[in-house]
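A.B. asks: I have a structure here, written as structure tokens, and I will follow up with some questions on it.
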Amino acid sequence: RNWENFFLVIERDAGKVAVFDGDKKEVIAHLPTGSAVPVMKAAEHPKPLKAENPGRFWYTMGRDGKLTKIDLWQTPDKMRVAEVQVAYDARDVGVSGDGKYLFAGGYWPPHFVIVDAKTMDPLKVVSTRGVNIDGEYVDEARVAAVYDTPNHPTMLVSVKELGQMWQVDYTDIANLKISHIDSAKYLHDGFYDPTGRYFQIAANASHKMVVVDTDTQKLVKNIDVDKMPHPGPGANWIDPKCGPVGGTVHLAIGKVTTWGNDPKGHPDQAWKVCNVVDTDGAGVFIRTHPKSDYVWVDQTKSPDAEVKQTLQVISKKDRKIVKTIRLTKTPGYAAVHIEFNADGSEVWTSVWNRKDSKKPNGEIIIFDAKTLKEKARIKGLFAPTGKFNVHNRTHHVT
């Protein structure tokens, strides 16, 4: 099997991860994990660090704080190889660039745990309680997002209520060096620019996209955007007027906001809002691929029952919505999340109904990324939410 085109799909309501063969459109395994897994991460292949066998091992973090290790090179009955409890409430985990450590973030207790990626033994616990950017002490300072830095032996830990990004040097975990980077509240999800130097993360409550320079370990800019930005895994592409840009949807309004993110090649456009495209409804996820002419967004947060069942496709060339695709007409169901396959020729998305979770309540719909026509449907899944393509996630393809 072409394991680098596998998809790992969160079956949210079942507390499982489904492993798909992306070429054959087959389910290989349903693996029990922590409950309501929001994210998963792989041992990546950043530069100049070299993780061993990047993409082979995947790690899921359950909302219940259970951290699960998955080995894609095993037979299906042996893919789930280990599990450890790192918190009672959690949402993210990151893998160090050399593949040696996991940084597992907790909502409660408010801390992150450094875990041996091979043995899954916890090695160190670091509290994230502290004083926020307003000078107030926060007892419940939750870790929302954890990411490796592609160009350095450090990890980024977003401390939601503090409004701080922590850049943690893991070269000596007995004597951690942590840079506390003040930005804005409440930090949630983010992604890198194409160079891997600049991290772009949403500060939901402040209606800003925060940009951190991982070379200098300092704040670059708080970009004012509209209400409650939420890029999820994010999207980078080339805009005809601004050059390289990043983009986000918004949880509270139907809008895609883009900003310039190439300070070296396009300094006049860097870290400024480039363009806004109005969509039919508020969304949760935005996604594209370097080989694609389009940007895809969902509209899951729309109060309109029909709109939340649709995706909208935006042309990179003319900045206009070229197609609105309704995935289902079944009452109560919503369209959510987008992921490309490894070569960018297909788009995978989902529909599900969270209120109907005692039986299969969702399916994956696959589209041709060029013609925008439906190719296949995979049924019989339990709330298939996040979909993670091995190649794209391992190589930071946004």
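The values are calculated or read from the model by the stated rules, or taken from the named source; none is laboratory data. Note that the coordinates shown come from a computational prediction; the quantities given were computed from them, not determined experimentally. Reconstructed Cβ throughout: ideal geometry from the backbone, glycine too, with neighbour counts over all protein chains shown. Ligands, DNA and RNA are excluded from the accessible area calculation, which covers all protein heavy atoms including side chains. Shrake-Rupley method; radii C 1.70, N 1.55, O 1.52, S 1.80 Å.
A.B. asks: Tell me yes or no: at least one residue of the range 78-86 is β-branched (Val, Ile, Thr), touching a residue at least 40 places away in the same chain (Cβ under 8 Å), open to solvent by less than 70 Å² (accessible area, probe 1.4 Å) and part of a strand (DSSP E or B). Full working, then the answer.
C.D. replies: So the first thing to find is which residues in the range 78-86 are β-branched (Val, Ile, Thr), and the list is 81, 84, 86.
So of that shortlist, the ones also touching a residue at least 40 places away in the same chain (Cβ under 8 Å) come out as none.
For the range 78-86, residues β-branched (Val, Ile, Thr), touching a residue at least 40 places away in the same chain (Cβ under 8 Å), open to solvent by less than 70 Å² (accessible area, probe 1.4 Å) and part of a strand (DSSP E or B): absent.
A.B. asks: Another one. Considering (1) crowded, with 17+ Cβ neighbours inside 10 Å; (2) in contact with a Ser or Thr (Cβ under 9 Å, 6 or more places away or on another chain), say which one ALA342 fails and leave the rest.
C.D. replies: The failed condition is (2).
Conditions tested, residue by residue: (1) open to solvent by 60 Å² or more (accessible area, probe 1.4 Å); (2) out of contact with any Gly (no Cβ under 6 Å at 6 or more places or on another chain); (3) more than 28 Å from ILE223 (Cα to Cα); (4) touching a residue at least 40 places away in the same chain (Cβ under 8 Å).
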residue: ARG91; (1), (2), (3), (4): no, yes, no, yes
residue: LEU123; (1), (2), (3), (4): yes, yes, yes, yes
residue: TYR137; (1), (2), (3), (4): yes, yes, no, no
residue: TYR147; (1), (2), (3), (4): no, no, no, yes
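A.B. asks: Let me ask you something else. When you look at GLY65, is it open to solvent by less than 20 Å² (accessible area, probe 1.4 Å), over 23 Å from the mean Cα position of the chain (by Cα) and either free of Cβ contacts under 8 Å to residues at least 60 places away in the same chain or within 28 Å of ASP193 (Cα to Cα) (or both), yes or no?
C.D. replies: Working: open to solvent by less than 20 Å² (accessible area, probe 1.4 Å): yes; over 23 Å from the mean Cα position of the chain (by Cα): no; either free of Cβ contacts under 8 Å to residues at least 60 places away in the same chain or within 28 Å of ASP193 (Cα to Cα) (or both): yes.
So GLY65 does not fit the description; no.
A.B. asks: The conditions are (1) farther than 18 Å from LYS264 by Cβ; (2) among the basic types (Lys, Arg); (3) open to solvent by 60 Å² or more (accessible area, probe 1.4 Å), and LYS218 fails exactly one of them. Which is it?
C.D. replies: With (1) farther than 18 Å from LYS264 by Cβ; (2) among the basic types (Lys, Arg); (3) open to solvent by 60 Å² or more (accessible area, probe 1.4 Å) applied to LYS218, the lone miss is (1).
Conditions tested, residue by residue: (1) over 18 Å from HIS111 (Cβ atoms); (2) outside any strand (DSSP E or B); (3) touching a Gly at 6+ places or on another chain (Cβ under 9 Å).
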position: ILE133; (1), (2), (3): yes, yes, yes
position: ALA144; (1), (2), (3): no, no, yes
position: VAL157; (1), (2), (3): no, no, yes
position: ILE181; (1), (2), (3): yes, no, no
position: PHE191; (1), (2), (3): yes, no, yes
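Residues checked against (1) of a type outside the set (A, V, I, L, M); (2) more than 17 Å from TYR59 (Cβ to Cβ); (3) more than 20 Å from the chain's Cα centre (by Cα):
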site: VAL95; (1), (2), (3): no, no, no
site: LEU123; (1), (2), (3): no, no, yes
site: TYR137; (1), (2), (3): yes, yes, yes
site: VAL143; (1), (2), (3): no, no, no
site: VAL146; (1), (2), (3): no, no, no
site: GLU161; (1), (2), (3): yes, yes, no
site: GLN164; (1), (2), (3): yes, yes, no
site: GLN167; (1), (2), (3): yes, yes, no
